[in-house]
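Enquirer: The structure's right below; bear with me while I get my questions together.
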Amino acid sequence: METHHPDGRVELVSTARIEQSPLYNHDLAPVPIARRDWTTYSYAALWISMAHCIPTYMLASGLMTAGMNWWQALVTILLGNTIVLIPILLNSHPGTKYGIPFPVFARAAYGTIGSNLPALMRALVACGWFGIQAWIGGEALHTLFTTLMPGWPGLLGAGFSGHTTTEWLSFLLFWALNVAIIYRGMNLLRLVENWAAPFVLVMTAILLAWAIREANGLGPLLAQPGKFETLAEFLPVFVPSLTAMIGFWATLSLNMPDFTRFGRSQREQMLGQVVALPTTMFVFAAMGVLITSASGIIYGEPIWDPIKLVGRFETPLVVGISMFTAVVATLAVNIAANVVSPANDFANAFPRLIDFKTGGLVTGLLGILMQPWRLLADPSGYIFTWLLGYSGGLGSIAGVLIADYWLVRRRQLRLEDLYLEDGAYKGWNPPAVVATLLGCAFAWGGLWLEALKPLYDYAWFVGFGVGFLVYAGLMQRSPRADIAPVPTAEG
């Protein structure tokens, strides 16, 4: 039986029936209200530590490399993060209300079997991100070891694919550190997040102070012009860049229930996210912009990778502290943003075979197979190929989920049926699949059809709009739209 508490949260009084279901395991189970203890600070710290990472820094500096000046890059980032905050908050609500993770929430729209489509699409993107963050963390470890042992780079030979053997070893060491923390669980993650958030910000502020001093103040930094003299020149870069900024957190816009399921209240999870996400991304990106500008003045060329920038420092202590900071920052964001969701997603696909820990290991292995060193070879590949490309698919899923929960079901779900093979959400829900595939087709069609090329620059917006409208239209005639909530006990 479901119990609705006065604050709107729902929990299952008895789970005896669903525990026998093949769609259930401990990691996918609804979180009991007694264990929903994340506060406003927990969510603020989560976003602060996730935003205070090397890819955020590279996001801003990559835009400058593409030709923007400092304020154009910052406005693009702030606007993108403000837009993506909307689907993040809309998809956060069911997590706190019902205590369910993202793949279970997706069962309402897609069906108990169909939910594997959005879950695995989201999981594969997360695997790519895991690999990217692991490679960045490995770079930081490599630079740290080089500081401690100057002969480290050539210690084990030339290596392969343009990277020395010790670079590959550093990458695998950082990868293994991530997996080790995964096996310790969510409580350790929260401790790492709470500690990493302020530490990383302080260390980046110190790096910024150095950059301003070496560049002789803010004046020279802010005076550096962009490459675009007219609006007509700027827009072709701005539009795909804005879409890429949304793509940066498009993954979290789907799977925030994985975190908000632990929230004490809707107000606390919303407040923590609204306060932390746009402001933190803006502030940290601004630091990246200024430091990158300074590197152009100091070294004669803008260096978009902060690890390579710090590697040019001559003081071993400074390099060592900086690289330790980079390792902490990358570790915190990688586990929070790129492991929790795919681990749950793989568990959703194979509940009896894969638990959270095994799912995390699968994520790590796929992250290696996706060759992150190639994605990070240059800023244009990172922003305009990786971020822009996958945003269309995830936007399509977001459109379906939001239309289903807020428009079709009006925030009312049958919690027990989400775990039952023969329940109200059994099997596949064809409108959700059709809407998702059409959203992807329109968002990605520009890769093959010249007439659709302009749509590709708006990939996330196109995917979201098509997914939302097609799903809402098809569900008007679907019997699944008439699923009523079960009678509940008030508590």
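Bear in mind that the values in this text are calculations on the coordinates, not laboratory data. Small disclaimer: the values here were computed from a predicted structure and weren't measured. Here Cβ is always computed from backbone atoms with ideal geometry, including for glycine, and neighbour counts include all displayed protein chains.
Enquirer: So how do ASP305, ASP7 line up by other beta-carbon neighbours within 10 Å, fewest first?
Expert: Ordered by Cβ neighbours within 10 Å, fewest first: ASP7, ASP305.
Enquirer: Let me ask another. Among ARG410, ARG107, ARG374, ARG312, what is the fewest-to-most ranking by other Cβ atoms within 10 Å?
Expert: With the sparsest Cβ surroundings first, the list reads ARG410, ARG312, ARG374, ARG107.
Enquirer: Now, a different point. Which ³J(HN,Hα) values in Hz, rounded to whole numbers, follow from the phi angles of segment 443-460 under the Karplus curve 6.51 cos²θ - 1.76 cosθ + 1.60, where θ = phi - 60° and Gly and Pro get x?
Expert: Result, ordered by residue: 5, 9, x, x, 5, 10, 10, 4, 5, 9, 4, x, 5, 4, 5, 10, 3, 5 Hz.
Enquirer: What list of ³J(HN,Hα) couplings, whole Hz, do you get for segment 321-336 from phi and the Karplus terms 6.51, -1.76, 1.60, once you set θ to phi - 60° and write x for glycine and proline?
Expert: Once rounded to whole Hz, the list reads 5, 5, 6, 4, 4, 4, 5, 4, 4, 5, 4, 5, 6, 5, 6, 5.
Enquirer: Okay, moving on. Please report ASP37, ASP457 as a ranked list, fewest other C-beta atoms within 10 angstrom at the top and most at the bottom.
Expert: Exposure proxy ranking, most exposed first: ASP37, ASP457.
Enquirer: Using the per-residue mean of other Cβ atoms lying within 10 Å as a proxy for protection, in what order, highest first, do the peptides 113-119, 275-281 fall?
Expert: Final packing ranking: 113-119, 275-281.
Enquirer: Using only the alpha-carbon atoms, what does segment 2-490 span along each of its principal axes? Please give whole angstrom values in decreasing order.
Expert: Each principal axis gives a Cα extent; for segment 2-490 these are 68, 50, 43 Å.
Enquirer: Specify the inter-centroid distance of segment 140-158 and segment 38-100, based on alpha-carbon positions, in whole Å.
Expert: 33
Enquirer: Next up: Quickly estimate the mean residue ellipticity at 222 nm for the chain, helices only: each DSSP H run with n ≥ 4 gives -39500 (n - 2.57), and the total goes over all residues, rounded to 500.
Expert: So the calculated ellipticity at 222 nm is -21500 deg cm²/dmol.
Enquirer: Still on this structure: Going by amide H atoms built from the backbone, whose H comes under 5 Å of the H on TRP38, apart from near neighbours?
Expert: GLY263, ARG264
Enquirer: Moving on. Return the whole-Å distance between the Cα centroid of segment 226-250 and the Cα centroid of segment 407-477.
Expert: 26
Enquirer: Sorting check: for 16-27, 138-149, which peptide has the highest mean count of neighbouring beta carbons within 10 Å, and how do the rest follow?
Expert: 138-149, 16-27
Enquirer: Considering amide H positions built from the backbone, and no H for Pro or chain starts, which residues 5 or more places from GLU2, or on another chain, come under 5 Å of its amide H?
Expert: Counting only residues 5 or more places away or on other chains, the set is VAL13, ALA489.
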